[in-house]
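Here is the structure we will look at, set down as structure tokens.
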Amino acid sequence: MMVQMAKAPKYTPENLINDVRAGLFAGHDTTSHSLSFAMGELALNPQVLQKAREKIDPVIKQGLSIESLKKLVYVEAIFRETMRLHPVASQLSIVAKRDTSIGANFVPADTAIRLNLTLAGLDSDMYAQPEAFYPERWLDAKENGGKEPTLLGFSLGAHYCLGAPLAILEATVILSLLIYHFDWDLINGRSSLEQLGQNITVFPQDGMPLRFQLR
Ligand code: HEM
């Protein structure tokens, strides 16, 4: 894609370098930090890990393929649930281009708005029992108090994440293989999910050390 772009006359070396850096950043830290949080949540929720294993074991024994990956919807739901509780792009900034309103609030043109996805992920109007790590809500609205949940972690609208399908595919493959091959626990316990650092994306301050054992 970058090679094709480089051929376009509008590209200067500066803006090509900028786009390469944006692409590398957008596609790397986001996915790897989200995977860390998923591993932490699985360590804290053994019943979810057990259910994931029941789904994954027969699929991996037969060999992972594009077709068999479609059977791993529960793993994808684990990743979505992780992104709800631990949105690594936790704050998004937008500017209203024209007068508009959000709910009952009038927003004049040129107003800067900061969206807090961490708080949005805990909205009990959208997610039943929002504090619970409950992947099932993404598979059946009945499991979410009858409401279809919305995934906000990739943003919405015109700037919806370009790499969302790739991130979900990568996460499903990596999590499935880790769950299939290993048991693990959190060396620092729950605090790894609570003590956070942030550059642009949010990450576990301690790097989330895990102790792995082959199954
Ligand atoms: C779990 C992983 C990921 C998360 C949480 C994530 C999150 C986001 C969010 C919230 C935005 C909107 C930013 C804004 O409007 O200010 C965004 C945009 C974007 N993402 Fe991702 N992303 C992920 C993975 C990826 C991957 C794997 C790629 C590329 C391979 C990628 C490429 C992009 C690009 C190019 C944009 C800009 C889209 C635009 O402005 O039109 N992202 N991402």
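The values are calculated or read from the model by the stated rules, or taken from the named source; none is laboratory data. In this text the structure is predicted, and so the values were computed from the model without any measurement. Counting neighbours? That spans all protein chains shown, and the Cβs are built from the backbone with ideal geometry, glycine included. Calculation scope for accessible area: heavy atoms of the full protein, side chains included, ligands and nucleic acids excluded. Shrake-Rupley method; radii C 1.70, N 1.55, O 1.52, S 1.80 Å.
Structure notes:
- Solvent-accessible area of Asp206 with every protein chain in place, 1.4 Å probe, in Å² to the nearest 10: 60
- Electrostatic tally near Phe106: other residues with Cβ closer than 14 Å to its Cβ, Lys and Arg +1, Asp and Glu -1, net -1.
- Using a Gaussian network model of the chain in which every pair of alpha carbons under 10 angstrom is joined by a spring, one finds that among Thr31, Thr150, Thr100 the greatest mean-square fluctuation is at Thr100.
- Carbon and sulfur %, accessible surface of the chain computed with the full protein complex present, 1.4 Å: 57
- 1.4 Å probe accessible area per residue over the chain, in Å²: 60
- A full extension of the chain between Val173 and Asn116 corresponds to an added length of 17.6 nm, given 0.36 nm per residue minus the alpha carbon distance.
- Simple spin-label estimate for Glu143 and Thr12 gives 5.2 nm between the two label positions (7 Å along the Cα-to-Cβ direction from each Cα).
- The GNM of the chain, with springs linking C-alpha atoms under 10 angstrom apart, assigns the highest mean-square fluctuation among Glu131, Glu76, Glu67 to Glu67.
- Trypsin sites (Lys or Arg not before Pro) within region 47-145: DSSP coil, no more than 15 neighbouring Cβ in 10 Å: Lys70, Lys71, Lys97, Arg98
- Cα convex hull volume per residue for the chain (Å³): 162
- Value at 222 nm in deg cm²/dmol, rounded to 500, when DSSP H runs of n ≥ 4 in the chain each add -39,500 (n - 2.57): -14000 deg cm²/dmol
- Across the cross-link table entries Lys71/Lys142; Lys7/Lys71; Lys55/Lys142; Lys70/Lys142; Lys70/Lys147, which are compared at the Cα atoms, the separations over 30 Å belong to Lys7/Lys71.
- Acute angle (nearest 10 degrees) that the helix 164-181 long axis makes with the longest principal axis of the chain, alpha-carbon atoms: 20
- Alpha-carbon centroids, region 152-215 and region 96-122: separation in whole Å: 28
- Of Met39, Met83, Met126, the one that fluctuates the most in a GNM where the chain has Cα springs shorter than 10 Å: Met126
- Nearest 10 degrees, 0 to 90: helix 46-62 Cα axis against the chain principal axis: 80
- Region 119-164: chymotrypsin sites (Phe, Trp or Tyr not before Pro) in DSSP coil with no more than 12 other Cβ atoms inside 10 Å: Tyr160
- Relative to the longest principal axis of the Cα atoms of the chain, the long axis of helix 13-44 lies at roughly 30 degrees.
- Kirkwood-based Rg to Rh ratio, region 77-193, C-alpha trace: 1.03
- Alpha-carbon gyration tensor eigenvalues x 5, square-rooted, for region 1-61, Å: 41, 15, 5
- Applying a DSSP loop filter and a limit of 15 other Cβ atoms within 10 Å to the chymotrypsin sites (Phe, Trp or Tyr not before Pro) in region 1-57 leaves Tyr11.
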